[in-house]
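The values are calculated or read from the model by the stated rules, or taken from the named source; none is laboratory data. Here the structure is a predicted model, which means the values were calculated and not measured. Positions of Cβ are generated from backbone atoms using ideal geometry, with glycine treated the same way; all protein chains shown enter the neighbour counts.
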Amino acid sequence: MTELQSWGSNTMPRANTSISSSESAVSRPAVLVQHLPLFSNIPPKGCREIVSAARKEVYKRRETIHLAGDPVRQIVLLTSGCVKILQIGQNGSEVILRLNGPGEAFGIAGSSLQTRHSSSAQALTASSALVWEIGVFESLAERFPVLRRNTTHILCKRLEELEERFREVSTEKVAARLSREIVRLLDQVGRRVNGAVQINLSREELAQLTGTTLFTVSRLLSDWDEQGIVSAGRESVIVKNLEALVELSQRE
């Protein structure tokens, strides 16, 4: 568990706490978030001010945070857990566009109350977050222009990621893109278990991430399990041989 995840399980200061204890409670998370992309190049004093304007929110597993079409009302910075960004097809099938892990923000595409979400967000696991109301965040972005630049940079990186994944779906075999997606997720939402790295995703969710079928994902994971590359369960994948997995991701 990272420091950020550990802090994410703590409570934010209550309104009636003393000034000294309140400042201390705000200072610690402000220090922990300084290295995050959203706070890049923002001085410590600015980080404290931005963090103090947020509230802490806790989401239950499978809780819907917002739906596609909802007005953008909040900017969310995940401090623990995992949130999936998804869209639902006309036939009811689900496509996962992205997974957000600790330290990642979502909802940042909205710049006003007239903006609506193009996708839904759902907590994949029990999660906690810092949440800013959109009006508050916009005021902070006016006072700290680098905060707006950071949100733009984050959105550009995510667009590049989506473009890369679209290319993979269009041009690569399933084995290559599934192995590459698992490698991507290791840093994002993986956690160390007995010297290996575990990703808490079901086979169906991996299929939704890679644009393939549950049957194909199950077959590939079973093959890789027999080869000792992964250990695949119903709701998780443990990577036992990262080098072999990376090699699979680089095959034509």
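Check whether at least one residue in region 176-189 is assigned to a loop (DSSP other than H, G, I, E, B) and either in contact (Cβ under 8 Å) with a residue 24 or more places away in the chain or assigned by TED's automatic domain parsing to the domain that holds ILE65 (or both), and report yes or no. The answer is no; no qualifying residue exists. Going by what's in this entry, would ARG165 be described as touching a Lys or Arg at 6+ places or on another chain (Cβ under 9 Å), part of a helix (DSSP H, G or I) and basic (Lys, Arg)? Yes, satisfied. Is it the case, given these coordinates, that ILE108 is outside the structural domain of LEU221 (by TED's automatic domain parsing) and of a type in the set (Val, Ile, Thr)? It is true that ILE108 is outside the structural domain of LEU221 (by TED's automatic domain parsing) and of a type in the set (Val, Ile, Thr). Of all positions in region 141-160, none carries a residue that is charged (D, E, K, R), closer than 23 Å to SER222 by Cα, surrounded by fewer than 19 Cβ atoms within 10 Å (Cβ to Cβ) and within 16 Å of the chain's Cα centre (by Cα).
Given the condition part of a loop (DSSP other than H, G, I, E, B), of a type in the set (Gly, Ala, Ser), surrounded by fewer than 16 Cβ atoms within 10 Å (Cβ to Cβ) and not assigned by TED's automatic domain parsing to the domain that holds LEU162, answer yes or no: does some residue in region 212-235 qualify? Looking through region 212-235, at least one residue is part of a loop (DSSP other than H, G, I, E, B), of a type in the set (Gly, Ala, Ser), surrounded by fewer than 16 Cβ atoms within 10 Å (Cβ to Cβ) and not assigned by TED's automatic domain parsing to the domain that holds LEU162.
Taken together, SER128, SER93 contain a single residue that is surrounded by 13 or more Cβ atoms within 10 Å (Cβ to Cβ), in the same structural domain as PHE39 (by TED's automatic domain parsing) and over 30 Å from GLU247 (Cα atoms), which is SER128.
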